[in-house]
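The values are calculated or read from the model by the stated rules, or taken from the named source; none is laboratory data. As the structure is a prediction and not an experimental result, all values here were calculated from the model. Backbone-built Cβ (ideal geometry, glycine too); neighbour counts: all protein chains shown. Accessible surface is based on the protein model in full, side chains and every heavy atom, while ligands, DNA and RNA are left aside. Shrake-Rupley method; radii C 1.70, N 1.55, O 1.52, S 1.80 Å.
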Amino acid sequence: MSSLKDQSKNQLFMRYCLKDKSFRGIDMESELGNQLWHIYQDLKNSNEIGFLTDEDFQKYFLGLVSYKYLSLNIERYLDRKVMEDSRNDFSSFEEAWHDDYYDKGGLRDDSVKELGYFIYPEFLFRNILHSNNNFKIGDLNFAFDQISSSSMGTDSQEDFENLFESVDLYASTLGKTQNDKNRVILTILNALDSVDFDLNDYNSATSPDFLPILSFNPHPYQGRAKAEFHNLKEIDFMEDMVLADYLPEKNYEKRNLSSEEKEGYDLEHERNSYKEFSSIGFDSENERDSYIKYSSIGFDSENEKDSYNEYSSRDYKFKRQYSIGDAFEFLLSKFSLYAHKTHDFYTPHELSYLLSRLVCIGRDKFDAVYDPCCGSASLLLELNKQIDCDLICGQEVDTYYYNLARENMILHNLHFKKFEIKQGDSLENPQHRGKIFDAIVSQIPYGIPWSADKSLLYDERFKDFKVLPPSGKSEYGFIMHMLHYLKADGVMAILAPLGVLFRGAKEEKIRKMIISDFNYLDAVIGLPANIYYSKNIPSCIMVFRKDRGYDDDILFIDASHDFKKVKLRNNLRTGDIDKIIETYENREEIKRYSHRADLREIIENDFNLNIPRYVDTFEAEDPIDLEKIYKRRLEVKRELNEITHEIDELCKEIGIENPLLK
C-alpha cells in the first residue's frame, strides 16, 4: 500500500485547486514541462546534435518524447496484465514474453485492442537505450515501424499509422556517417532517460471501460469526503483510489480481501491510517486550510451535492488526462514563441481557453466536436478540458502538424476510439462527410489561397450560398464549410483576421447571407494586436449559433485594449477573459466596450461589421486651460530668475564668473 502523503495529499489538494476558480491558473505540469524545455535548450546549445536546425531538432525531440511515453505506457499496462494472470508467476511483460509457453499472441492482441499498438520488449525505450552499448538507429526505426504496423487493419490504424513519419532517422542532417547519426539520436535518448514521466492511473492511456469513477458525498459523522465507486464505462477515471482504502469499518467489501487477509485484518490499524489521512502534513498553512475547507464541505441541497460530485469526478479525470500531455503542449508553446518561421500549428493557450469557454456556455457535454484546420489539436484538447466530449474530430493538411496532433491526443491519454484526426485539405477533400457537430472551434488560416473551382458550387457545403469566396482568400470558405457541419442547435467560435468583417465583393455577399438569410452570426469580439506567436495580424473572434431567434441581435465586443504585454506578444489575462465571457453570456451593453446591434443597424452599415462602427471607444481629452498654463509659465520664469540671482551672489563671493550668465 502506497504512502498517504504520496497519493492522498496531492489528489485531494488537486481537487481543491481545480474546483476553486482562484486556483485555475496553476500550471500543474510546469515542473515536467520546464525540465523537458531545459533539456531541449541544453542539447540545442551543445555541439552534439549534428547539423539539425531548430525546426528539425524539434521534430526529433517531440517524436522521441512520444516514443518514450508509448514505451512506458505499454510496459506498464502489460506488466499489470501479466501479474493479474493467475495462471503464472511472471512479474513483468518482458519476462512472460520470453517464456516459450506463454500466450504471446493473446498479450499482443490485448495490447492492440486496449492501447491501439504493440512493441516487442527488446524495442522498448529502456532496452534500446541500454542495448549493451551497441545502440543502432535501425532498432529504433524498427520500434517506430512496429508501433505503426501493429495497428494496421484495426480500429486504431488511423491513429498510429506512420505516427513517426516526421522523425527521419537516416537524414543527412543528423550526421555524415552512420556513427554520427547513432551518436546524435543516442544523445537525445540519454537526455530523456533522466526524465520521470510519472505514469500512473492518472496519465496512462487505457480503454474507457477500464477505470471506475469516484464520486464524493459528505460523511454524516466525520464531515469528511466519503468515497463511493460506480462502474460507468463511458468515462475514464482512476483505478485505485486511495480514499477507498482508508474508509473505516466498511472496507472489507471495498478492498475485496481474500479470506486469509480478512483473518489478519487489523481494523484498528485502518482506523489509525484513516486518522493519518485526516491529518496529512501540508507545505503551508494556506494549503492546509484549503484542504480543510474542501474536505469538510456541508451541502445545503441535493443539487449542490450533485454539482460537487460532478466537479470531483471531472477533477480526477482532468488530472489523469493532462499531465505529460500538458508538458508536451508546454514545449509546443515554447517552440512557437521562439520560432524563426511562421508557425500556425499552436493556438496560444489563453485564446484556446477563451474559445472553449464561449462554446461551453449553457452546455454540460458535447457528443462530437470539430476543428477543420486543427494544427497540433491544442484547441480541441482545451475544449475537452472544459467539457466532456464523446468524440473529438479534426483535420490537418500538413503532414508534420497532423502527426503532432495525433501525438498530442495520445500523450493527453485520450483513447484512440475517442478521437479522429484526419489528414488532408478540408476544403478540397473533407474527411468527415456525414458527421455533424455540437461545437466547432478553429483558428482558420489567414490569407491562404484555394482553388475556388466552380464545381464546388454544387458541393453540399456551398450550394446554398450560390457564390464562392475568391481564390486568393479562403477564410469564408472555411466558415461556410464549418457552418455546414454544425448541428441545428450547435455553436461555433473561430479566430479570424479582421478583414472578414468588412471586405467587399463576393465575401460581402456571403457575409450578408450569413447574417440576413440564415441568421447565424451571434457575436463579434475584437482582440488585441500581436496576440499570436508568429504574426502580428489584427484579429477577432466570430461566434455563430444555428438556434438564434429571428429578432436576435448581434453582440459586438471591443476587447482590443485589454491585455498585458509579455515578452514578444500581448497576452489576455484571466480578468480580460472573464470580462469577455460575462459580457457575452449576459449580452451586456457597456460603454466603450460592447454594443448589441439589431439587423436594421447592420443594414444601415451595409453589412460592414468593423467593430468601431458599433462600439465607440473614443475618449475625449480634457479641455486645455490656456490661462492656467500662462500663469504657471510666469511663475516658473520668476522662480528661475530668483535661483539665477542666488547663484550669481554665491559666485561673486567665491570670485568666479556665474556660468548661467555666459
Item to complete: Quick one: dipole size for the stretch 123-197, taken about the Cα centre, charges +1 on Lys/Arg Cβ and -1 on Asp/Glu Cβ, in debye to the nearest 20.
Response: 560
Fill in: Within the accessible area of the stretch 456-594 (1.4 Å probe), percent carbon and sulfur
49
Item to complete: Using packing as a proxy for protection, rank 36-43, 371-378 so that the peptide with the highest average count of other Cβ atoms within 10 Å comes first.
Response: 371-378, 36-43
Item to complete: Scan the stretch 435-511 for GluC sites (Glu not before Pro) in coil per DSSP, keeping those whose Cβ has at most 16 other Cβ atoms within 10 Å, and list them by number.
Response: Glu460
Item to complete: Order the following by accessible area, largest value first: Arg638, Arg503, Arg573. Probe radius 1.4 Å; ligands, DNA and RNA are ignored.
Response: Arg638, Arg573, Arg503
Worksheet, complete the sentence: Taking protein heavy atoms only, a 1.4 Å probe, and rounding to whole percent, the accessible area of the stretch 329-445 owed to carbon and sulfur comes out at 44
Discussion item. Please list Phe142, Phe51 from largest to smallest accessible area, probe radius 1.4 Å, with all protein chains kept in place.
Written reply: Phe51, Phe142
Fill in: Computed E for Glu653/Asp598 - FRET, C-beta separation, R0 60 angstrom, nearest 0.05
0.15
Discussion item. Loop-only GluC sites (Glu not before Pro) in the stretch 101-200, please: DSSP not H, G, I, E or B, and at most 11 other Cβ atoms within 10 Å.
Written reply: none
Discussion item. Just to verify a number: FRET efficiency for Gln157 and Val467, C-beta to C-beta distance, R0 = 41 Å, to 0.05?
Written reply: 0.60
Worksheet item: Using a 1.4 Å probe, what is the accessible area per residue for the stretch 518-562, in Å²?
Response: 33
Practice prompt. Determine the alpha carbon to alpha carbon distance for each of Lys113/Lys334; Lys59/Lys176; Lys506/Lys565; Lys466/Lys591; Lys104/Lys417; Lys487/Lys565 and list only those over 28 Å.
Written response: Lys113/Lys334; Lys506/Lys565; Lys466/Lys591; Lys487/Lys565
Fill in: J(HN,Hα) series, the stretch 76-93, from Karplus relation 6.51 cos²θ - 1.76 cosθ + 1.60, nearest Hz, glycine and proline x
4, 5, 6, 4, 5, 4, 5, 5, 7, 6, 6, 7, 8, 10, 6, 9, 7, 4
Practice prompt. List the trypsin sites (Lys or Arg not before Pro) within the stretch 515-570 that fall in a DSSP loop (any state other than H, G, I, E or B) and whose Cβ has at most 15 other Cβ atoms within 10 Å.
Written response: Lys535, Arg548, Lys567
Fill in: Positive-end residue, the stretch 366-445 charge dipole about Cα centroid, Cβ charges, pick of Ile387, Ile410, Ala439
Ile410
Fill in: Accessible-area order (highest first, 1.4 angstrom probe) of the listed residues Ser46, Ser455, Ser151
Ser455, Ser46, Ser151
Worksheet item: How large is the accessible surface per residue of the stretch 33-185, computed with a 1.4 Å probe and reported in Å² as a whole number?
Response: 47
Worksheet entry | Accessible area per residue, Å², the stretch 407-475 with all protein chains present, probe 1.4 Å | 41
Worksheet item: Once amide H atoms are built 1.01 Å from N in the peptide plane, which residues 5 or more positions from Leu391, or in another chain, come under 5 Å H to H?
Response: Ala368, Val369
